[in-house]
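Inspection log for the structure reproduced underneath, given as C-alpha cells.
The values are calculated or read from the model by the stated rules, or taken from the named source; none is laboratory data. These numbers come from a predicted model, not from an experiment. We place every Cβ from the backbone using ideal geometry, glycine too, and count neighbours over all the protein chains shown.
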Amino acid sequence: MQVHYDIHHLPTFRQAVITVGSFDGVHLGHRRLIRQVIRLARHVRGESVVVTFDPHPRYVLDPLDGDIPLLTTLDEKIELLEKAGIDHLVVVPFTLEFAQMSADEYIETFLVKRFHPRYIVLGFNHRFGTNRAGDIRFLRWKGAAFGYEVSEVNGIRLENETVSSTRIRQLLSKGDLSMANRFLGHPYMLSGKVVKGEQIGRTLGFPTANIRIDARSKLIPPDGIYAAYAHWGGTRFEAMLYIGRKPTLDKSLDRVIEVHLLDFNEQIYGEHLSIDMVKFIREDTQFADRDALQNQIRMDRKKIRIALEDDARMAGSRKQDQQDRVALVILNYNGLEHLQHYLPDVYRSAKEAGVSTYVVDNGSTDQSVAYLQKEFPEVYLIQLDHNLGFAAGYNHGLMHIDAEYYFLLNSDVALGKGVFPALLKTMQDDPEIAACQPKILDDRHRDQFEYAGAAGGWIDFLGYPFCRGRVLNRTEKDLGQYDQKTEIFWASGAAFFVRSELFHQFGGFDPQFFAHLEEIDLCWRMKRAGYKIVCDPSVHVYHLGGGTLPYNAPKKVFLNFRNSLIALVKNERPLDILWKVPTRLLLDYVACILFLTQGKLPLILSVLHAHVDFILTLPLSVLKRRYHQKEILAHRIRQKPNLKGVFFGSMIWDFYLNQRKTFRDIVK
C-alpha cells in the first residue's frame, strides 16, 4: 500500500475505484466498503484508493466539542487499512477551507480533478460539501457528466444495531470490549512507545512495559485487567494488559497502561508496541498487600491464557461477521405479479435462515419498485437504469453485494424447506465446489421436473445441454430417480448457488448472452479450471417456468440457438471447434425442417437470425475466449478440465433416432 500525504502531487491513478471517509476504527462497515472498492478495482483492472482525513473533521467543524475520543490514531488507521489490502491511501489535511467547499466544488475540484475515478464507493448515509448538502443521489447525477459510476454499500447490523464508530465508542466507554470488538471486526488497538516506569512489576515477578500513548484524543477503555496480544518486531506475543492507577502499590493519581508479555524477557525501552485488546478479565481492585496482589496476578495470567486459547479457536468463525455469509439475490424486470405471489414466502424463509434478501431491478416500468419500497422496506433494492438482461443485470447488481455466497433465484420460484442450510453445507463441505443447485420442480405440477435445470444439467459431446429429468422439451415425473447428490456440468440460473469470489474471478455472466445459457457458459469456464458443479436434490424449489418469456417464444429460440454456439466457441478445444460448429449449424437446419413440419415459421426465422448474429459476432467471441482463458489459467485448481457431466455421445441422435426419451435411457 502506498500512502500519499500531498494531495497536490498525487500519481495518475489507473481506473481508480475510490471511497472517502474518516474510517475511525476501520470497523466492519468500513471494511465492507473497502472490500467493495477492491472488488470493483479488480473488475475494471484498476487501482483501489481510500481517501481519509487528518485531523478528524469533528475537530475542525466543532472545536467546542473537540474532545471526541477516537478509536484509531492515524498510524493505527494506516496499519489497519494496509491489512485490508488496498493499493493507495490518500491522507487529506482537513481544514476549514476544505470544509467550506460546496457539493459541486467537492465533486469537480476534489474527487474528479484529483482522482479521475471510475467508481466511487460510499456508504448509504454519506454526505459531503458545505452544510452536508451533497448526497449519493447528487453524486450519481453528476456522474453522467464526469464519467464515473457510484456504488452504494449498505451498512452492517449486528445484534439489531447498525455498526458505527459512535456506537463502538459508547461500548468501549462502558467497558463492553467483547461487543465493541465484534463491531470492529478486530481487537481494539492501543499503540505507543515503551517508556521507563517504576519497575515494580519486575519485583513481583511480572515485568511490564509502560506504554505512552501520544495521541491525547485516543479512547482508553475503563480500568482493569485484559487479555491481549502485543506486537513487537514482527512477532505477536500473548500478553496481560493493565489499565489503571495501581491502587495497591502507590495510589497514583496518574493513569497508566502497562503490559506484561507472557514468556518474554527482553528490554524494549524506546520501542514501539502495538496491543490488541482481546477480553476484559476483571476490574482494577485494591488488595490488602503485595502478596495478595501477586497471587491475583498469577490467577489472572491463567485466565488470560485460557481466554487467548478460546480466541484462537474462535478466529475462523469470527471472520464471517465481516460480511453476509449468503445473499439471496432476485433479478426483476416488470415482474410485479411474480413478486406479489412469490416474494413474501421467499423473504420469510430467507429471514428465518439469517439470509439477507436483495432485489436487483432491471429498469422496470411497472409498479415493481413502488411495491418493494412499500411492502418490503427490509429488502435491499438495487435499481438499474434500464433492462440489461439476465446476464448483465446480475453482473451489475452483484458488484454491489458483499457476501461469501450468492443464491441467484428467479422471481417466479417458491422455496421448499431447508434450502439455505442444505446448499450452504454442500458448498462448505467441499471447497472445490464452485456452484450448486437444488432439485427444480414445476410449480404448476409439483410432481414433475421443471425445464430450467431439473435435477442438474449435462452437455453432450456437441455442447447440447440437457438435464437429469429433462431432455429437450420433454420433462419426467419426479419419482426419486435422481435423488442422489452428484456432480453435474451446469447448475440452473433459476436457483444458482455460487461462491461470490469465483463468480467475480471468472468474469461473471457473459453480457452478450443477455439471457439463456449464460449459466452454462460460466459453469463451463469453472469446470475448465477444475472446479465442481453439484446438484443437491435433498432440497427442492418450485419454478413457474416461462414466467418471463415462454419456452417456445421466437426470442427465446433465437437466444438459445445463438448462445449455445457462442458458448461452444468460447469453451471447446480449438481443433474440435473446427468441426463441431459446422456440425451444429447443420443440425440447426435439421431443426428448422422440424419447425417447418410443425408450421412454426417464426421459429425458423429465429434460428436463421441466430446464425447470422453468431457469425457477425464471431470475432468478439474469439476475443472473449482469449480473455477468459487468462482467468482460467490464473485461478485453476487442476491442470486438466473437470469433465464430469459430459455425455460423450449425441443426445440428439439418441433422442430422435434411438427413441431414448429420458436422461436415464441416454446416460446409462
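Take the residues in region 75-112 that are assigned to a loop (DSSP other than H, G, I, E, B) and not hydroxyl-bearing (Ser, Thr, Tyr), then tell me which one is nearest to ASP54 (Cα to Cα).
Step by step, filter region 75-112, then rank; the result is PHE94.
Could you say whether any residue in region 151-168 is part of a helix (DSSP H, G or I) and either surrounded by fewer than 19 Cβ atoms within 10 Å (Cβ to Cβ) or in the same structural domain as VAL51 (by TED's automatic domain parsing) (or both)?
Here is the first cut: in region 151-168, the residues part of a helix (DSSP H, G or I) are 165-168.
After this cut, where a residue has to be either surrounded by fewer than 19 Cβ atoms within 10 Å (Cβ to Cβ) or in the same structural domain as VAL51 (by TED's automatic domain parsing) (or both) as well, the list is 166-167.
The answer is yes, given that some residue of region 151-168 is part of a helix (DSSP H, G or I) and either surrounded by fewer than 19 Cβ atoms within 10 Å (Cβ to Cβ) or in the same structural domain as VAL51 (by TED's automatic domain parsing) (or both).
Quickly run through region 590-624 and pick out the residues that are of a type in the set (Gly, Ala, Ser) and within 13 Å of LYS555 (Cα to Cα). Walk me through it before giving the result.
Step one: of region 590-624, the residues of a type in the set (Gly, Ala, Ser) are 591, 599, 606, 610, 621.
Hits for region 590-624 are SER606, ALA610.
Only residues in region 530-550 that are at positive phi count as the first member; pair them with residues that are at pLDDT below 75 and part of a loop (DSSP other than H, G, I, E, B), Cβ under 8 angstrom, at least 6 apart or cross-chain, and list the lot.
As it stands, the answer is GLY545/TYR551, since those pairs meet every condition given.
Just one of VAL17, VAL26, VAL51 is in contact with a helix residue (DSSP H, G or I) (Cβ under 7 Å, 6 or more places away or on another chain), assigned to a strand (DSSP E or B), under 23 Å from GLY185 (Cβ atoms) and hydrophobic (A, V, I, L, M, F, W, C); which is it? If you could, list the steps in order and put the result at the bottom.
Values: VAL26 fails: assigned to a strand (DSSP E or B); VAL51 fails: in contact with a helix residue (DSSP H, G or I) (Cβ under 7 Å, 6 or more places away or on another chain).
Every option except VAL17 fails the conditions.
Considering only residues that are out of contact with any helix residue (DSSP H, G or I) (no Cβ under 9 Å at 6 or more places or on another chain) and among the acidic types (Asp, Glu), look in region 277-311 and name the one that is nearest to MET240 (Cα to Cα).
ASP300
Exactly one condition in (1) in contact with a His (Cβ under 8 Å, 6 or more places away or on another chain); (2) within 27 Å of TYR358 (Cα to Cα); (3) at pLDDT 90 or above; (4) surrounded by fewer than 21 Cβ atoms within 10 Å (Cβ to Cβ) is not met by PHE138; state its number.
Among (1) in contact with a His (Cβ under 8 Å, 6 or more places away or on another chain); (2) within 27 Å of TYR358 (Cα to Cα); (3) at pLDDT 90 or above; (4) surrounded by fewer than 21 Cβ atoms within 10 Å (Cβ to Cβ), PHE138 violates only (1).
Considering each residue of region 454-491, count those that are in contact (Cβ under 8 Å) with a residue 24 or more places away in the chain, of a type in the set (A, V, I, L, M), out of contact with any Lys or Arg (no Cβ under 8 Å at 6 or more places or on another chain) and in a loop (DSSP other than H, G, I, E, B), and give that number.
First, the residues of region 454-491 that are in contact (Cβ under 8 Å) with a residue 24 or more places away in the chain: 454-478, 481-491.
Subset that is of a type in the set (A, V, I, L, M): 454-455, 459, 462, 471-472, 488, 491.
From the residues that got through so far, the ones that are out of contact with any Lys or Arg (no Cβ under 8 Å at 6 or more places or on another chain) too are 459, 472, 491.
Right, trim to in a loop (DSSP other than H, G, I, E, B) and you get 472, 491.
Number of matching residues: 2.
Can you confirm whether GLN100 is crowded, with 22+ Cβ neighbours inside 10 Å, farther than 20 Å from ASP6 by Cβ and either acidic (Asp, Glu) or not assigned by TED's automatic domain parsing to the domain that holds SER274 (or both)?
Working: crowded, with 22+ Cβ neighbours inside 10 Å: no; farther than 20 Å from ASP6 by Cβ: yes; either acidic (Asp, Glu) or not assigned by TED's automatic domain parsing to the domain that holds SER274 (or both): yes.
It is false that GLN100 is crowded, with 22+ Cβ neighbours inside 10 Å, farther than 20 Å from ASP6 by Cβ and either acidic (Asp, Glu) or not assigned by TED's automatic domain parsing to the domain that holds SER274 (or both).
Is one or more of the residues making up region 409-418 among the polar types (S, T, N, Q) and in contact with a helix residue (DSSP H, G or I) (Cβ under 7 Å, 6 or more places away or on another chain)? Write out each step before concluding.
Taking region 409-418 as the starting set, the residues that turn out to be among the polar types (S, T, N, Q) are 410-411.
Going one step further and asking which of them are in contact with a helix residue (DSSP H, G or I) (Cβ under 7 Å, 6 or more places away or on another chain), we end up with 411.
There is at least one residue in region 409-418 that is among the polar types (S, T, N, Q) and in contact with a helix residue (DSSP H, G or I) (Cβ under 7 Å, 6 or more places away or on another chain).
Can you tell me which of (1) among the acidic types (Asp, Glu); (2) touching a Ser or Thr at 6+ places or on another chain (Cβ under 8 Å); (3) more than 30 Å from HIS231 (Cβ to Cβ) is the one GLU97 doesn't meet?
Just one mismatch for GLU97, condition (2).
Please determine, by comparing only the residues of region 203-238 that are of a type in the set (Gly, Ala, Ser) and within 37 Å of the chain's Cα centre (by Cα), which one is surrounded by the fewest Cβ atoms within 10 Å (Cβ to Cβ).
For region 203-238, the residue satisfying everything is GLY234.
Per-residue answers, yes or no, for (1) out of contact with any Cys (no Cβ under 8 Å at 6 or more places or on another chain); (2) more than 23 Å from GLY469 (Cα to Cα); (3) modelled with pLDDT under 95; (4) not aliphatic (A, V, I, L, M):
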| site | (1), (2), (3), (4) |
| --- | --- |
| VAL557 | yes, no, yes, no |
| PHE561 | yes, no, yes, yes |
| ARG573 | yes, yes, yes, yes |
| LYS600 | yes, yes, yes, yes |
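Any residue in region 281-292 that is surrounded by 12 or more Cβ atoms within 10 Å (Cβ to Cβ) sitting within a Cβ distance under 6 Å of a residue that is in a loop (DSSP other than H, G, I, E, B)? List the pairs, counting only those 6 or more apart or interchain.
Taking only residues 6 or more apart or on different chains, the pairs are ASP284/ASP223; GLN286/PRO247; GLN286/THR248; PHE287/THR248.
When you check GLY507 against the structure, is it at pLDDT below 95 and buried (at least 24 other Cβ atoms within 10 Å of the Cβ), yes or no?
Numbers: at pLDDT below 95: yes; buried (at least 24 other Cβ atoms within 10 Å of the Cβ): no.
Against the criterion (at pLDDT below 95 and buried (at least 24 other Cβ atoms within 10 Å of the Cβ)), GLY507 does not qualify.
Considering region 175-185 alone, what residues qualify as being assigned to a loop (DSSP other than H, G, I, E, B), touching a residue at least 60 places away in the same chain (Cβ under 8 Å) and surrounded by fewer than 22 Cβ atoms within 10 Å (Cβ to Cβ)?
We begin by selecting, within region 175-185, every residue assigned to a loop (DSSP other than H, G, I, E, B); these are 175-176, 185.
When the remaining residues are screened for being touching a residue at least 60 places away in the same chain (Cβ under 8 Å), the result is 175, 185.
Listed by number, the list holds a single entry, GLY175.
Given the structure, is HIS88 in contact with a strand residue (DSSP E or B) (Cβ under 9 Å, 6 or more places away or on another chain) and free of Cβ contacts under 8 Å to residues at least 12 places away in the same chain?
Values: in contact with a strand residue (DSSP E or B) (Cβ under 9 Å, 6 or more places away or on another chain): yes; free of Cβ contacts under 8 Å to residues at least 12 places away in the same chain: no.
No; evaluated as a whole, the condition is false for this residue.
Within 30 Å of LYS218 (Cβ to Cβ), touching a residue at least 24 places away in the same chain (Cβ under 8 Å) and assigned to a helix (DSSP H, G or I): which single residue out of LEU122, LEU172 fits that description?
Unique residue meeting the criteria: LEU172.
When you scan region 483-521, how many residues do you find that are under 17 Å from PHE407 (Cβ atoms) and within 20 Å of the chain's Cα centre (by Cα)?
Count: 14.
Filter region 494-534 for residues that are part of a strand (DSSP E or B) and in contact with an Asp or Glu (Cβ under 8 Å, 6 or more places away or on another chain) and give the result.
Across region 494-534, the qualifying residues are PHE496, ARG499, LYS532, ILE533, VAL534.
Using beta carbons and a limit of 6 Å, which pairs, at least six apart or on different chains, have the first residue in region 1-27 and over 18 Å from ARG127 (Cα atoms) and the second one surrounded by 12 or more Cβ atoms within 10 Å (Cβ to Cβ) and of a type in the set (Ser, Thr, Tyr)?
VAL17/SER48; VAL17/TYR119; GLY25/THR72; GLY25/SER165
Limited to region 133-164, what total is found for residues that are among the aromatic types (Phe, Trp, Tyr) and in contact with a Phe, Trp or Tyr (Cβ under 8 Å, 6 or more places away or on another chain)? Working first, answer last.
Filtering region 133-164 for residues among the aromatic types (Phe, Trp, Tyr) gives 138, 141, 146, 148.
Then keep just the ones that are in contact with a Phe, Trp or Tyr (Cβ under 8 Å, 6 or more places away or on another chain); that gives 148.
Final tally of qualifying residues: 1.
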